[in-house]
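Before any comments, here is the structure.
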Amino acid sequence: MKLTVLGTGTIAFSPKRSCAAYYVEAGDARVLMDCGSGTTRRLAELVIPWQTLTHVVLSHFHIDHHQDLPTLIFAGKYGMLPPRSAPLHVVGPVGTADLLQRLAAAYGDWVTAPGYEIRITELTPGMMFDLGGAWLEPFKVPHTPESVAYSITENSRRLVYSADTGFDPAFAEWARQCDLLVLECSLPQTMAIPEHLTPEQCAEIARRAEPKRLALTHLYPPVESVDIAGIIGRQYHGPMVIAHDGWSTTFED
Ligand SMILES: [Zn+2]
Ligand SMILES: [Zn+2]
């Protein structure tokens with residue numbers, strides 16, 4: 001399994017951080033988790049084989065997590081020669097099919113019928129989705145009504161992506177002892193809101209979850225002036241990285 005982080009930013013524009021997107025090679029699948037603005041730019045820059053993506057997995061319906069999905073679908077129709085013929089599987093929480101219908105109402109029927117199959121699967125927490133040699137699992141997190149985190153498990157390796165979330169001890173328990181926890185770290189303590197995490201809350205989640213490695217992401221500009229590593233290090237003593245766009249890691253069995 002291999003993860004390449006494409007977007008570590010938010011809807012607060014940053015010169016170095018695109019909106020949320022994570023490329024994962026796992027089993028037979030080439031998966032894009034979230035697809036915010038700037039994803040298609042990063043796919044090209046990092047020479048990711050976007051033409052052969054098999055799945056796009058959405059965590060929730062905020063625009064910084066899906067804005068480039070129509071662009072990606074359109075690129076399969078007009079942005080490659082020959083045009084895409086393989087199905088593209090769009091997976092997300094309940095409401096994903098409706099989101100694509102509404103995007104099609106705005107942009108045209110090609111969003112759901114671009115000349116290749118757009119296969120939509122809505123997952124409810126507790127379901128496991130077969131990626132062909134790897135498993136995708138959603139977990140409800142407190143952010144929007146539909147918001148979920150995901151894990152991808154291949155053999156004995158488990159990657160957990162929090163997506164956008166507020167503080168929830170149940171999420172920490174679900175993520176326990178995963179190989180890598182990709183955790184949102186949105187706002188400094190002075191700007192704390194229930195829908196996102198502060199470095200202090202990330203530290204508490206990491207202390208409870210004890211991931212083998214921790215990667216922080218989804219950083220609004222104000223949190224970057226805080227000593228994130230120092231705050232985390234008081235409670236979590238494993239290896240930690242503040243991810244940047246293009247950060248990549250592999251999981252060996
Ligand atoms: Zn977000
Ligand atoms: Zn969000």
Neighbourhood net charge (9 Å Cβ-Cβ; Lys/Arg +1, Asp/Glu -1) for T54:
0
Convex hull (Cα only) mean projected area of segment 30-115, reported in nm² to one decimal
5.1
Computed over segment 29-175, Cα set: Rg, Dmax in Å:
15.2, 48
In the chain, if the dipole is taken from +1 on Lys/Arg beta carbons and -1 on Asp/Glu beta carbons about the Cα centre, which of I118, G95, I193 is farthest to the positive end?
I118
Ratio of the Cα radius of gyration of the chain to 2.2 N^0.38 Å, where N counts its residues
0.96
Segment 129-240 - share of DSSP beta bridges that are antiparallel (%, nearest 5):
60
Any chance you could give the angle, 0 to 90 degrees and rounded to 10, that helix 199-209 forms with the longest Cα principal axis of the chain?
90
Relative to the longest principal axis of the C-alpha atoms of the chain, give the angle of the C-alpha long axis of helix 96-107, reported between 0 and 90° and rounded to the nearest 10°.
60
In whole Hz and in residue order, list the ³J(HN,Hα) couplings for segment 17-23 that follow from phi through the Karplus curve 6.51 cos²θ - 1.76 cosθ + 1.60, θ = phi - 60°; x for Gly and Pro.
10, 7, 5, 4, 6, 9, 9
Once you charge only the Cβ atoms, +1 for Lys and Arg and -1 for Asp and Glu, what is the size of the charge dipole of segment 178-253 about its Cα centre, to the nearest 20 debye?
220
Rounded to the nearest 500 deg cm²/dmol, what is the calculated helix-only ellipticity per residue at 222 nm for the chain, with -39500 (n - 2.57) per DSSP H run of length n ≥ 4?
-5500 deg cm²/dmol
Quick check: pseudo-label points 7 Å beyond the Cα along Cα→Cβ at S156 and K77, how many nm apart are they?
4.7
Would you be so kind as to identify which of H60, A106, T40 lies farthest towards the positive end of the dipole of the chain, taking Lys and Arg as +1 and Asp and Glu as -1 on Cβ and the Cα centre as origin?
T40
How big is the charge dipole of segment 122-253 about its Cα centre, in debye rounded to the nearest 20, if each Lys and Arg gets +1 on its Cβ and each Asp and Glu gets -1 on its Cβ?
400
Using Cα-Cα distances under 8 Å and only pairs 6 or more residues apart, what relative contact order does the chain have, in percent?
18
The chain, dipole about Cα centre (Lys/Arg Cβ +1, Asp/Glu Cβ -1), debye to the nearest 20
360
Cα-based equivalent ellipsoid of segment 184-248: semi-axis lengths in Å, sorted from largest, via gyration tensor:
17, 15, 10
Any residue on another chain or 5+ positions along whose placed amide H is under 5 Å from the amide H of E210 is listed here as Q177
Diffing segment 147-153: the Karplus 3J(HN,Hα) column from phi (6.51, -1.76, 1.60, θ = phi - 60°), in whole Hz with x for Gly and Pro, holds 4, 9, 8, 9, 10, 10, 10
Express as a percent, rounded to the nearest 5, the fraction of DSSP beta bridges in the chain (both residues included) that run antiparallel.
55
With the full set of protein chains in place, find how many percent of the accessible area of segment 45-97 is carbon and sulfur; take the probe as 1.4 Å.
68
Of the residues G27, G38, G126, which exhibits the maximal mean-square fluctuation in a Gaussian network model of the chain defined by a 10 Å Cα contact cut-off?
G126
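The values are calculated or read from the model by the stated rules, or taken from the named source; none is laboratory data. A quick note: this is a predicted structure, and the numbers were derived from the prediction, not measured. Note that each Cβ is placed from the backbone with ideal geometry, even for glycine, and that neighbours are counted across all protein chains shown. Please note that ligands, DNA and RNA were not included when accessible areas were found on the heavy atoms of the full protein model with its side chains. Shrake-Rupley method; radii C 1.70, N 1.55, O 1.52, S 1.80 Å.
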